Structures are given as C-alpha cells and as structure tokens.
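A.B. asks: Right, I'll just put the structure down here and ask away after.
The values are calculated or read from the model by the stated rules, or taken from the named source; none is laboratory data. Owing to the predicted nature of the structure, the values given are computational and were not obtained by experimental measurement. No Cβ is skipped: glycine too gets one built from the backbone with ideal geometry, and neighbour counts run over all protein chains shown. Protein only, heavy atoms only, side chains kept; ligands, DNA and RNA dropped before computing areas. Shrake-Rupley method; radii C 1.70, N 1.55, O 1.52, S 1.80 Å.
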Amino acid sequence: MAQEDKFKKLVAHCKEYGYVFPSSEIYDGLSAVYDYGQYGVELKNNIKKYWWDSMVLLNDNIVGLDSAIFMHPTIWKASGHVDAFNDPLIDNKDSKKRYRADVLIEEHLAKIDDKITKEVEKARERFGESFDEKKFRETNPRVLANQLKIDDLNTRFSKALNETDLVELKQIIIDNEIVCPISGTRNWTDVRQFNLMFSTEMGSTAEGANKIYLRPETAQGIFVNFLNVQKTGRMKIPFGIAQIGKAFRNEIVARQFIFRMREFEQMEMQFFVQPGTELEWFKKWKEVRMKWHQALGFGSENYRFHDHVKLAHYANAATDIEFKFPFGFKEVEGIHSRTDYDLKQHQEYSGKKMQYFDPEKGESYIPYVIETSIGVDRMFLQVISAAYHEEELKKEDGSTDIRVVLRLPSFLAPVKLAVMPLVKKDGLPEIAEKIVHDLKFDFNCQYDEKDSIGRRYRRQDAIGTPYCITIDHQTLEDKSVTIRYRDTMEQERVSIEQLKEIIKEKVSIQGLLKKL
Ligand code: GAP
C-alpha cells in the first residue's frame, strides 16, 4: 500500500474507531485542533504513564511537577520567546496559501535527497550482492552532482537562518525555482517573521488587563520552579524535573493530522548538571531516550538521530529522535543541551538568584541543563501508525478478506481484554458478565455480545484489544474459556481461574520498564 494511502486510511480509522476526532466537528472543525475519543484518551494516558514511570519511578533523582499554563509575561521575555519564537512565513499570491519559508526549502532539499536514494536503490538492484554503496556514492556523477547541490544549498540556507536574513530566504526559494504545491507558480510575497505564541488578557479592563501568553513549551514552568523543587526536595545535582502538560503554538502550517497541532501536549524533563559535564549527560540521555522508543518493539530501523547543524543560541548540542512515519522520517523528540541560558536569563529578569550550592565542590553555580522534550500527540501518531496493519486473510472458500488490526504493545492498548459469550443464552452472558466484574479492577475490560463472534473479533482487532475471551458451552462443564490472541489469531483453552494471572503478566507495564 502506498504510504500516502496508508496515512489517509489511518486518519479515517482513528475517527471511525473513537481514537481521534476533529475538534468542533459539527461546526466544520477548527484547524489543527483535535479531540481524543474514548479509546484515544486511554492510549494517550498509557503513553503518558510509560513516559512518567520511566522518568520518575525508575530514577530516584528525577521528580515530577505540574506548573500552571498561565505564567508571568516577563518569563517569555526572559526566555526569548517574545522576541525570537518566530517562523519565517511566505504567501503564494495565486493560491493565497501560506507556507513556512524554511519548510519549503527543507522539502526541496528532501526531494534532491530522494533522487540520490532512488539512484542508489537502482544500482543496488543492478549489481546485487557485489554492490558497494559507499563507493557508488563517491563516484557516480549524478549522485555527486545532487550531493553538491544539497551541500551548497545547506550552507546558504544555514547562513540565512543563522543571520535571520529574510531577503536571502526568499532569494533561495526563487533561485531554486520552488513552486507552490497548490498553484504551481512562483508568485511569492516577501518573507516575514511570525510569532507563534498565542496571547490573551488576564484581569478586567477596569483593573488594567495584562497581556499574558499561553505557554508554547512546558519547560519554562520547570526552570522558574527549579529552586523550589531543589530546596524542598533537598535535591542534589545531577537531578531532573519532569512535567507533562499542554502547550500552544499558532503554527503557520498545521498539516499531517496530529503531527503539528496548535494545541498539543508535551512531556519534558530538564536535567540539571554541573557545568562542564553537560556533553557527557547529553550523550547519556540520547541513549536512554532512544532505548525508551525502541523498547516498544516497532523495529530499530524505524528510528534515527538527526543531529542539529544549526544550534539555537542557547544550545551547545542538540539532536532529534526521528521516527519513520508514513510521510517519512520526522522528529518525535528533541534532546537539547541548553547550557545555563534559561536559568541565567531568569536570574537577570527576576533579580532572584538561580544558583545552586554544591556541597561537594563547596561553591555556588548556575547549573547546566539537558532537556528531553517529546510531544504526546506525536508519540501517539508514532504508536498508531506503527501499529496499523492491513492483512490479507484466506477464507475457507478460497476468497480473501482484509483484516485491519492495531498491533499495539499490550500495555498501551486502550482495552486489554474483551469478554464475549458465544451466544446470548444458556447462561453464557451471565458467566461473561461475572468475569468482567471480577477483572475490571485490574484491567480495562469490555463486554461484547452483539453480532457474530467473527465480527466481534474483528471489531476488537480494529481497536487493538490484545486478548479476547470467549465463553462457550464447554465453559458450563469445566469452567474453561478460550483466549484468542490478536496478533496470531491463535486460540488457547484456559481455566477462568487462571485468567487474571495470564493477562496481568502480558499487559503489565513492568515488562516494558524492565527493558529500559
Ligand atoms: N522545550 C523544547 C521544545 O519545546 P520543540 O522541539 O519545539 O522543543 C519538542 O518541541 C517536541 O514537542 C517536538 O519534538 C514534538 O514532539 C512536540 N511538538 C512541538 N510542536 C508541536 C506541534 N505543533 N504539534 C505537536 N507536537 C509538537
């Protein structure tokens, strides 16, 4: 299946099965804002628990925080967001569509890179076993010419971004003959800066209302509480503060479903370290976070690091963990070595000391910070796009059928088990209801008696339920039931008494956490 088709089907599936709905849908929706349905909210909560436990439960030097969304407006002046949290935007005069100038250029670079990849793949097919990719890349004239284009363009692009040279950004678009994907023309406006923060007013006009911002990242809530947590928790460096919460950005281009939203959720952890040790910690957190992603079992080939060439003014190292979405490798998580920039800025703007007294060194200093920052919604998209499968099944009469199945890791699945009486009589529903009643304190269970058993299995496959329990007439005789496994569709007979232990072992978060 073409990846684009897969993505469209995935979006439709999320809506049809109660995972994600467009926000305000009866009013024709609100651009780049989404609601999570009955299964979506469960999956989201499980993702958050996996992250939270891996940070706060497994590390005795990491604690949690829940800071307010509204914060003093000077915080955003100090952090640099008021002056510099901008994206360069450009409009196409014919289609009237708005784009991020940097994204247009990045997409153009990706197209050239695709040409190289195609050339390499063609050669691999032609030469088979004896193919030497490195040598091919170093000698093939077409690959070399395209690589040169990429390198030249990257140099020019990085310089324009670093110097915030908007005229040069437009010139790059013109020189590379980049067209609007809608109108196909090169009739562009000038590039302008656009601040991504949403603002609102606090207090009534009579009192003199204050302009405040909806936070564009949760991190600043951690920075401004750094000493509160350190002192009250008697934390010793190195230590971390973890937080999960909503963030808001007025994104210029909000596309690709929940990948880029205007209201989203972040899971961020700031790790405070001794100055000079930050690059070691940066390396360590890169490894830890990659392991966290890969423990879900979606295949290590679907992840990669993308180290930043252009560093933000406050960072001395930065990387993204990218996942292979149906629309290509894209960032899911950022890991940044933010130096002492944020704490220093808050010290300057608030006039309050942000120093830590290190008892081992016998001196005070402003700690350096390693940040790990991941979007809950983007992680949700990662999980659901990796889990979505369409399988061709052979029926008994020789024809084929398509089974849609969400192969979610059991711990993340919204419903852990569905309990189904084979028929709605002979006392089978009562036994099924009793099983649900007994197990619902431990797992999210669902009772399902509607439609044929085959259709019920398919419904559970489509929402990703890993286990289905069926009660049949044999249950009346020997108190045994069948347990059906979502991924293999195999069935096994087990006694009702064993159910709790069997399921518990399979769906527990412990198994996942122990891999870390
Ligand atoms: N505190 C650092 C920070 O916010 P970022 O790279 O701008 O860094 C971190 O964002 C993560 O937040 C991204 O890797 C992504 O997963 C998520 N994210 C950022 N903008 C988003 C958006 N508009 N919609 C959904 N997720 C977003």
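A.B. asks: How long are the three semi-axes of the equivalent ellipsoid for the stretch 1-93, computed from the Cα gyration tensor as the root of 5 times each eigenvalue, in whole Å, largest first? Before the final figure, lay out each step's value.
C.D. replies: On the way: eigenvalues 187, 140, 46 Å².
Ellipsoid half-lengths, sorted descending, are 31, 26, 15 Å.
A.B. asks: Roughly how tilted is helix 453-463, in degrees to the nearest 10 and between 0 and 90, from the longest Cα axis of the chain?
C.D. replies: Between the helix axis and the principal axis of the chain, the angle is about 10 degrees.
A.B. asks: About its Cα centre, how strong a charge dipole does the chain have in debye, to the nearest 20, once Lys and Arg get +1 and Asp and Glu get -1 at the Cβ?
C.D. replies: Once rounded to the nearest 20, the dipole reads 260 debye.
A.B. asks: Can you give the angle from 0 to 90° between the axis of helix 278-294 and the longest principal axis of the chain, with both taken from C-alpha atoms, to the nearest 10?
C.D. replies: The angle comes out near 30 degrees.
A.B. asks: Another question, then. Would you mind working out the magnitude of the charge dipole of the stretch 237-377 relative to its Cα centre, with +1 at each Lys and Arg C-beta and -1 at each Asp and Glu C-beta, to the nearest 20 Debye?
C.D. replies: It works out to roughly 300 debye.
A.B. asks: Restricting the count to DSSP beta bridges whose residues both fall in the chain, what percent are antiparallel, rounded to a multiple of 5? Display every interim value, and only then the final one.
C.D. replies: Values: 72 of 84 bridges.
Just about 85 percent of them are antiparallel.
A.B. asks: Let me ask something else. At a threshold of 8 angstrom on Cα-Cα distance, excluding pairs fewer than six apart, so keeping six or more, what relative contact order does the chain reach in percent?
C.D. replies: 14 percent.
A.B. asks: Quick check for me: using +1 on Lys/Arg Cβ and -1 on Asp/Glu Cβ, what's the dipole size of the stretch 86-195 about its Cα centre, in debye to the nearest 20?
C.D. replies: Once rounded to the nearest 20, the dipole reads 300 debye.
A.B. asks: Then there is this: Can you give the FRET efficiency to the nearest 0.05 for Asn154 and Lys96, using r as the Cβ-Cβ distance and R₀ = 25 Å?
C.D. replies: On the way: r = 30 Å, r/R0 = 1.21.
In this case the efficiency is close to 0.25.
A.B. asks: Something else: Given a Förster radius of 35 Å and the C-beta distance between Arg234 and Thr488 as r, what FRET efficiency does 1/(1 + (r/R0)^6) yield to the nearest 0.05?
C.D. replies: Efficiency, rounded to the nearest 0.05: 0.10.
A.B. asks: Could you tell me the extents of the stretch 368-418's C-alpha atoms along the three principal axes, largest first, rounded to whole Å?
C.D. replies: Its Cα atoms span 67, 21, 13 Å along the three principal axes.
A.B. asks: On to the next question. How much mean residue ellipticity at 222 nm does the chain get from its helices, if each DSSP H run of length 4 or more adds -39500 (n - 2.57) and you divide by all residues, to the nearest 500 deg cm²/dmol?
C.D. replies: -12000 deg cm²/dmol
A.B. asks: I would also like to ask the following. Toward the positive end of the charge dipole of the stretch 86-195, about the Cα centre and with charges on Cβ (Lys, Arg +1; Asp, Glu -1), which of Leu109, Ile174, Gly184 goes farthest?
C.D. replies: Checked the options; the winner is Gly184.
A.B. asks: Sticking with this one: Provide, as a two-decimal number, the C-alpha radius of gyration of the stretch 164-253 over 2.2 N^0.38 Å, N being how many residues it has.
C.D. replies: Against the compact-globule rule of thumb, the ratio is 1.76.
A.B. asks: Return the whole-Å distance between the Cα centroid of the stretch 32-65 and the Cα centroid of the stretch 314-343.
C.D. replies: 19 Å
A.B. asks: If I model a spin label at Asp401 and Leu144 as a point 7 Å from the Cα along the Cα→Cβ vector, what separation in nanometres do I get?
C.D. replies: My value for the distance between the label points is 5.8 nm.
A.B. asks: Residue by residue, what Karplus-based ³J(HN,Hα) values in Hz, rounded to whole numbers, does the stretch 372-389 have, using 6.51, -1.76 and 1.60 with θ = phi - 60° and x for Gly and Pro?
C.D. replies: Couplings: 10, 9, 10, x, 5, 5, 5, 5, 4, 5, 4, 4, 6, 6, 6, 7, 6, 9 Hz.
A.B. asks: Return the loop-located GluC sites (Glu not before Pro) in the stretch 334-409 (DSSP other than H, G, I, E, B) with at most 10 other Cβ atoms within 10 Å of their own Cβ; answer none if there are none.
C.D. replies: Glu360, Glu396
A.B. asks: Still on this model: Rg (Å, one decimal) plus Dmax (Å, integer) for the alpha carbons of the chain?
C.D. replies: 26.6, 81
A.B. asks: Here's a follow-up. Pairs of alpha-carbon atoms within less than 8 angstrom and 6+ residues apart define the contacts here; what relative contact order does the stretch 410-513 have, in percent?
C.D. replies: In percent, rounded to a whole number, it is 30.
A.B. asks: Same structure, new question: To the nearest 0.05, how large is the calculated FRET efficiency for Gln193 and Ala12 if R₀ is 30 Å and r is the Cβ-Cβ distance?
C.D. replies: Numbers: r = 37 Å, r/R0 = 1.22.
Using R0 = 30 Å, I get an efficiency of 0.25.
A.B. asks: Something else about it: How large a share of the accessible area of the chain, in percent, is made up of carbon and sulfur atoms when the probe is 1.4 Å and the other protein chains stay in place?
C.D. replies: 49 percent
A.B. asks: If each Cα of the stretch 410-513 is one equal point scatterer, what is log10 of I(q)/I(0) from the Debye formula at q = 0.19, 0.24 Å⁻¹?
C.D. replies: -0.90, -1.46
A.B. asks: Also, quick follow-up: Given a 1.4 Å probe, how much area per residue of the stretch 86-195 is accessible, in Å²?
C.D. replies: Numbers: 6860 Å² over 110 residues.
On a per-residue basis, the stretch 86-195 sits at 62 Å².
A.B. asks: Kindly state, as a whole number, the per residue volume in cubic angstrom of the convex hull around the alpha carbon atoms of the stretch 86-195.
C.D. replies: Dividing the Cα hull volume of the stretch 86-195 by its residues yields 111 Å³.
A.B. asks: Of Tyr356, Gln294, Val369, which is farthest towards the positive pole of the stretch 272-369's charge dipole, taken about the Cα centre with +1 and -1 on the beta-carbons of Lys, Arg and Asp, Glu respectively?
C.D. replies: So the residue furthest toward the plus end is Gln294.
A.B. asks: Give the distance, in whole Å, between the Cα centre of the stretch 202-258 and the Cα centre of the stretch 471-507.
C.D. replies: 47 Å
A.B. asks: In the chain, once you exclude exposed chymotrypsin sites (Phe, Trp or Tyr not before Pro) (DSSP loop, at most 16 other Cβ within 10 angstrom), what's the longest stretch remaining? Don't skip to the answer; put the middle values down first.
C.D. replies: Numbers: sites that count: Phe131, Phe198, Phe327, Phe441.
Answer - 1-130.
A.B. asks: How high is the relative contact order of the stretch 86-195, in percent, counting Cα pairs under 8 Å that sit 6 or more residues apart?
C.D. replies: Working: 111 pairs, mean separation 51.7, N = 110.
So the answer I get is 47 percent.
A.B. asks: Distance check, please: which entries in Lys236/Lys440; Lys231/Lys506; Lys49/Lys284; Lys236/Lys283 exceed 30 angstrom between their Cα atoms?
C.D. replies: From the list (Lys236/Lys440; Lys231/Lys506; Lys49/Lys284; Lys236/Lys283), the Cα-Cα distance tops 30 Å for Lys236/Lys440; Lys231/Lys506.
A.B. asks: Still on this structure, please answer the following. Roughly how many Å² is the accessible area per residue of the stretch 410-513, as a whole number, for a 1.4 Å probe?
C.D. replies: About 49 Å² of surface per residue is accessible.
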